[in-house]
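These notes concern the structure reproduced below.
The values are calculated or read from the model by the stated rules, or taken from the named source; none is laboratory data. The shown structure was predicted, so the numbers you read here are calculated from the model rather than taken from an experiment. Backbone-built Cβ (ideal geometry, glycine too); neighbour counts: all protein chains shown.
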Amino acid sequence: MNGELLRIVDTIRREKNIDAEIVFQGIEAALVSAAKKHLGAAEDILITVDRQSGAITASLNGVPMEAPTLGRIAAQTAKQVIIQKIREAERASLMEDYADQVGTIISGQVTRIEHGNAIVSLGRGEGFLPRSEQIPGETMHVGDRLRALIIEVRESGSNIKIVLSRIHPDLIVRLFELEVPEVADQVIEIEAVSREPGHRTKVAVTSTDSRVDAVGACVGIRGSRIKNIVAEVANEKIDIVRYNESPQVFIGNALKPAEVKEILLNRDINRATVLVADDQLSLAIGKKGQNVRLAARLTGWNIDILTPNEYEQQRSKAIEQLTSLASVGADLANDLVAAGYISLADVSEVTPETLARITGASLEESAEIVTQARALVADLEARAAEIRTAEASATPDGKVSTNVDGVDEPEVPPAAEAGVPPAAEAEVPPAAEAGVPPAAEAGVPPAAEAGVPPGAEAGIPPAAGAEAVPEVSPESNEPKNEPKEQGEPPAPQA
């Protein structure tokens with residue numbers, strides 16, 4: 001019995017990764033609790049287990065006694081106490097082990113999926129992969145093996161919750177460390193990562209050894225290394241960018257595969273204006289702006305993509321807007337644009353101290369310029385918002401509603417309804433004078449069918465008492481108002 005007890009303690013120690021002393025203490029506490037349940041809670045009972053032989057000794061009020069025979073209820077109490085002690089020790093061990101692994105990659109197997117959240121078996125514990133931390137478009141099934149990043153370890157009730165992520169940018173870094181030995185050995189350093197999970201990732205790398213090509217080592221022979229990483233993140237596209245300390249070179253590399261003509265930097269507002277050819281504009285911007293957005297995150301610069309023509313137009317517009325400010329003259333406007341402030345918004349973002357340093361003006365004058373620029377930007381934004389609102393309130397037939405305070409403006413009547421003759425309205429000479437073939441030969445409906453009164457073509461006013469000419473709808477060419485007497489023949493044409 002004693003040898004079997006030692007074997008059980010050793011098995012629990014190895015499976016739960018807890019100290020054997022904790023298991024022995026749990027057994028002793030369980031036996032004391034069971035003995036008090038059997039003999040009485042007021043008794044002073046001490047039970048010890050020899051760590052070497054497994055022998056159990058007991059004393060009652062300081063007097064040694066034989067191990068009592070415990071009943072079923074007392075034995076159940078001892079079992080619950082042992083289980084509780086082991087769970088507490090296991091929870092503390094898990095917390096200690098995984099708390100140090102936050103930010104590291106771990107491999108596991110999906111055991112079940114609950115409301116879109118995946119439960120991953122990690123060996124000793126279970127990881128929780130919420131839906132918000134899963135790669136968009138990726139479908140998981142029970143039994144799938146995956147790699148994820150541990151982002152949080154916390155106590156959740158009586159358990160330890162290990163939160164995993166597959167969308168964190170550091171996951172890409174850890175995968176490169178696993179697949180590229182040069183990255184793990186720090187011969188190649190990953191300077192920055194920008195990622196849109198499920199779509200595209202840009203990784204900036206540099207080499208500390210001039211003999212090692214950073215990009216080539218990360219790609220591998222025929223792309224063997226990068227293919228493994230791409231397959232691990234659900235075929236997400238990964239661009240490896242060569243890092244450079246020069247912002248112009250780094251931004252140009254980050255915008256690849258687009259070819260850049262020129263890069264202008266404004267370090268005061270951390271803005272880079274990139275000029276590209278017309279045929280490279282869409283490539284530089286990317287699908288829905290993805291390429292330039294990832295490049296901006298990778299480099300840390302606000303990037304504007306313009307063609308040379310757009311750049312010149314923006315410069316001219318900026319000079320015009322700056323000159324309209326009361327505190328800015330033509331010379332100062334040109335100086336600001338030459339310094340890289342190619343829009344009114346750029347001037348509104350700068351601090352008065354920086355503007356005073358650039359222009360040489362006093363701090364008060366610079367503050368006034370910034371205030372005026374911000375006011376004008378706010379006014380322009382308000383006008384743009386009004387235009388968008390007017391466009392959104394367009395009527396179904398494409399006409400923009402002009403109502404004010406809920407009152408619709410009256411429509412302007414056509415010229416014919418206002419008493420203007422058709423020929424005078426269009427200022428078109430008669431068909432005979434213009435050399436146009438007769439209406440019947442040209443396939444044009446007669447004047448009566450087109451809504452023109454008889455005799456109007458020749459300039460003859462309608463006779464007194466003549467019937468009103470029916471109005472024709474432009475949509476259907478059908479008369480809206482039929483004449484009173486359909487049987488009257490039209491007047492002879494001249």
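Residues of region 203-225 that are of a type in the set (Val, Ile, Thr) and touching a strand residue (DSSP E or B) at 6+ places or on another chain (Cβ under 6 Å): Val203, Val205, Thr206, Val215.
So, Leu129, is that one closer than 22 Å to Ala184 by Cα and modelled with pLDDT of 90 or more or not? Criteria not met by Leu129. Kindly list the number of the only condition in (1) over 18 Å from Asn17 (Cα atoms); (2) among the aliphatic types (A, V, I, L, M); (3) not assigned by TED's automatic domain parsing to the domain that holds Ile45; (4) not in a loop (DSSP other than H, G, I, E, B) that fails for Val81. The number of the failed condition is (3). Does Val180 qualify as being assigned by TED's automatic domain parsing to the domain that holds Ser224 and among the aliphatic types (A, V, I, L, M)? When the stated conditions are applied, Val180 passes them.
Listed here are the residues, each with its yes/no results for (1) surrounded by fewer than 13 Cβ atoms within 10 Å (Cβ to Cβ); (2) more than 25 Å from Val173 (Cβ to Cβ).
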site: Asp100; (1), (2): yes, no
site: Ile106; (1), (2): no, no
site: Arg112; (1), (2): yes, yes
site: Ile119; (1), (2): no, yes
site: Gly125; (1), (2): no, no
site: Phe128; (1), (2): no, no
site: Val142; (1), (2): yes, yes
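If you go through region 83-128 and keep only what is of a type in the set (Asp, Glu), over 32 Å from the mean Cα position of the chain (by Cα) and farther than 30 Å from Ala34 by Cα, you end up with Glu96, Asp97.
Restricting the first member to region 232-245 and to residues that are within 21 Å of Thr299 (Cα to Cα), and the second to residues that are assigned to a strand (DSSP E or B) and small (Gly, Ala, Ser), the beta-carbon pairs closer than 8 Å and six or more apart or on different chains are Val241/Ala204; Arg242/Ala204; Tyr243/Ala192; Tyr243/Ala204. Residues in region 276-302 that are under 15 Å from Asp346 (Cα atoms) and either assigned by TED's automatic domain parsing to the domain that holds Ala356 or surrounded by fewer than 19 Cβ atoms within 10 Å (Cβ to Cβ) (or both): Asn302 alone. Among the conditions (1) under 22 Å from His199 (Cα atoms); (2) not in a strand (DSSP E or B), Arg124 misses just one, which is (1). Residues of region 368-388 that are in contact with a helix residue (DSSP H, G or I) (Cβ under 8 Å, 6 or more places away or on another chain) and either over 16 Å from Leu322 (Cβ atoms) or exposed (fewer than 15 other Cβ atoms within 10 Å of the Cβ) (or both): Leu380 alone. Take the residues of region 253-294 that are of a type in the set (Gly, Ala, Ser) and in contact with a strand residue (DSSP E or B) (Cβ under 6 Å, 6 or more places away or on another chain): which is farthest from Glu236 (Cα to Cα)? By that ranking, first place goes to Ala272.
The set of residues from region 332-351 being of a type in the set (Val, Ile, Thr) and either part of a loop (DSSP other than H, G, I, E, B) or modelled with pLDDT under 85 (or both) comprises Ile342, Val350, Thr351.
If the condition is being without any contact (Cβ under 8 Å) to a residue 40 or more places away in the chain, in contact with a Lys or Arg (Cβ under 8 Å, 6 or more places away or on another chain) and within 17 Å of Ala338 (Cα to Cα), then region 263-320 contributes Leu275, Asp304. When you check Ile369 against the structure, is it in contact with a strand residue (DSSP E or B) (Cβ under 9 Å, 6 or more places away or on another chain) and outside the structural domain of Ile263 (by TED's automatic domain parsing), yes or no? It is false that Ile369 is in contact with a strand residue (DSSP E or B) (Cβ under 9 Å, 6 or more places away or on another chain) and outside the structural domain of Ile263 (by TED's automatic domain parsing). Those helices (runs of 4 or more DSSP H) of region 233-331 in which at least 1 residues are more than 30 Å from Ile105 (Cα to Cα), considering only elements entirely within it, cover 247-254, 281-285, 308-323. Checking Val193, Val205, Val212, Val233 one by one, the residue that is modelled with pLDDT of 90 or more and either more than 23 Å from Val292 (Cβ to Cβ) or surrounded by fewer than 20 Cβ atoms within 10 Å (Cβ to Cβ) (or both) is Val212 and no other.
If the condition is being within 34 Å of the chain's Cα centre (by Cα) and over 18 Å from Lys261 (Cα atoms), then region 302-321 contributes Ser316, Lys317, Ala318, Gln321. Looking across region 188-220, the residues that are more than 14 Å from Tyr243 (Cβ to Cβ) and outside any strand (DSSP E or B) come down to Pro197, Gly198, His199, Asp209, Ser210, Arg211, Gly216, Val219, Gly220.
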